[in-house]
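Step one of this worksheet: look at the structure below.
What follows draws every value from the coordinates through simple rules; no lab data is involved. Since the model is a prediction, treat every value here as computed from it, not as a measurement. Here Cβ is always computed from backbone atoms with ideal geometry, including for glycine, and neighbour counts include all displayed protein chains.
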Amino acid sequence: MTDTIRHSEYDAIIVGARCAGAATAMLLARRGLRVLAVDRSPYGSDTLSTHVLLRPALLQLARWGLLERLAATDTPAVTNTIFHYGKRAVELPMEGRDGVDALYSPRRTVLDPLLVDAAREAGAEVCHGQQLTGIVRDASARVSGVRLRAEDGTQLMVKSGVVIGADGRHSTTARLLGSVVERSGEHASASVYGYFEGLELDATPTNHWFYRPEISVGLTPTGAGLGLLFVSAPAHQLREALRVDVRGALHQGIAHGAPELLPALRRATQVGRLQGFGGQPGFLRRSHGTGWALVGDAGYFKDPLTAHGISDAFRDAELLAQAVAEGTDAALTEYQATRDRVSENFFAITDEIAACRWDLPRVSELHQQMSREIKRECDLLLELDPVPGPSDQPSSPALHAA
Ligand SMILES: Cc1cc2nc3c(=O)[nH]c(=O)nc-3n(C[C@H](O)[C@H](O)[C@H](O)COP(=O)(O)OP(=O)(O)OC[C@H]3O[C@@H](n4cnc5c(N)ncnc54)[C@H](O)[C@@H]3O)c2cc1C
């Protein structure tokens, strides 16, 4: 279904309306800007991604007044995490602080519409079934709007103070703007995942991460009483297996990476199709210019093995919303500088984990480094200005000069 765009001019147009785009739309609308977010995919649709949320993502949802809404869905509150390094198990019960008492792994069909609803509630227009086809520039070459095509083929030009690409790792916005990759990862893991009924291992909801040489396996409870099970391995190995037999790739991965799961897996029922991801090395793209910016995977992608893409999308949505509200090109420059500085270590850690060349002591050390980075990131988020709550935003946003 195509949503109708109501105006011909906005303060900000955002291309992509999931973790990065819908969050940015909500934050800008709460600051009183007139915002349009468009997405070519339908409201509430699924996407290729597992969905383990780590503490920074949940801290952001708490700061934005949305964690209670997530907790009210059927997504279980996870209060324990167990890392299995071969036969050595390290248990990390959840420590409640800063409004985050549990971890959650909401399906993207739950998380993304929750963000879209919050953006709309804040006054943003969010239109699905609209695809970006072109960028418009003014006489001084500053980006001043977009060209869109609706599902029925209708074309439209819409003007905007700033155009934000939140359209994922294959971003059309980045390509049309000529944004260059400024830092590349070297490694990539491929993965296969699916949903299973009857795969609980524990009385209380627990995230399990299993590591054996060259293979990682994860199991996390999600909505509808299902367990999300995923296997990751070096892309050059798993990619071929995925082409031949996705189910075989998952079961072989479990047999090598978490054989202790096999008895439970035999008893469990698979629900829905398995999904395969062939892998892609991480990158940081140039993410600002005159009248434009990138946020989320469009500007910064890293291997999914560290389950941090959604956390970073939420962090950068807020950093970008602050910069756009300031309304200067210098603020956009500062946005990217901050993103790059706070992402540097995590990007390197992720790239090493994605290589899957570690032994068990090394991957355990990398997880401890990750944990220190997560702590640093949470400290940064807690220092940001408070975000206006769901009911604090102005009722009729004025059109701002960008
Ligand atoms: C296999 C896999 C597993 C992952 N697991 C995790 C995990 O467990 N935890 C975690 O935190 N992260 C995970 N990630 C990363 C996470 O999926 C991303 O970081 C996150 O989705 C980024 O959100 P985004 O809004 O930037 O982009 P996306 O979620 O990719 O959304 C982009 C949107 O833009 C729209 N779009 C694209 N082009 C256009 C266009 N031309 N016009 C209009 N709309 C357009 C698309 O329809 C899409 O809806 C995983 C990724 C993969 C691939």
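The calculated FRET efficiency for GLU68 paired with GLU326, based on their beta-carbon distance and R0 = 35 Å, is about 0.70. A dipole drawn for the chain from +1 and -1 charges on Cβ atoms has a positive end, and of VAL244, LEU262, HIS208 the residue lying farthest that way is VAL244. Computed over the stretch 189-275, relative contact order equals 41 percent, with contacts defined as Cα pairs under 8 Å that lie 6+ residues apart.
Ordering MET94, MET1, MET157 from the fewest to the most neighbouring beta carbons within 10 Å gives MET1, MET157, MET94. When exposed loop sites are taken as trypsin sites (Lys or Arg not before Pro) in a DSSP loop with at most 12 other Cβ atoms within 10 Å, the longest stretch of the chain clear of them is 88-402. Around the Cα centre of the stretch 189-275, unit charges on the Cβ atoms of Lys, Arg, Asp and Glu (plus for the first two, minus for the last two) sum to a dipole of about 220 debye.
Of all DSSP beta bridges confined to the chain, the antiparallel ones make up roughly 70%. Select from ALA122, ALA190, ALA337 the residue whose mean-square fluctuation is largest in a Gaussian network model of the chain (Cα-Cα springs shorter than 10 Å). Maximum among the listed residues: ALA337. Against the chain, whose longest principal axis is taken from its Cα atoms, helix 235-244 shows a tilt of about 80°. Helical runs (DSSP H, four residues minimum) scored at -39500 (n - 2.57) apiece and divided by the length of the chain put the mean residue ellipticity at 222 nm at -11500 deg cm²/dmol. Between the Cα long axis of helix 108-121 and the first principal axis of the chain there is an angle of about 30°, rounded to the nearest 10.
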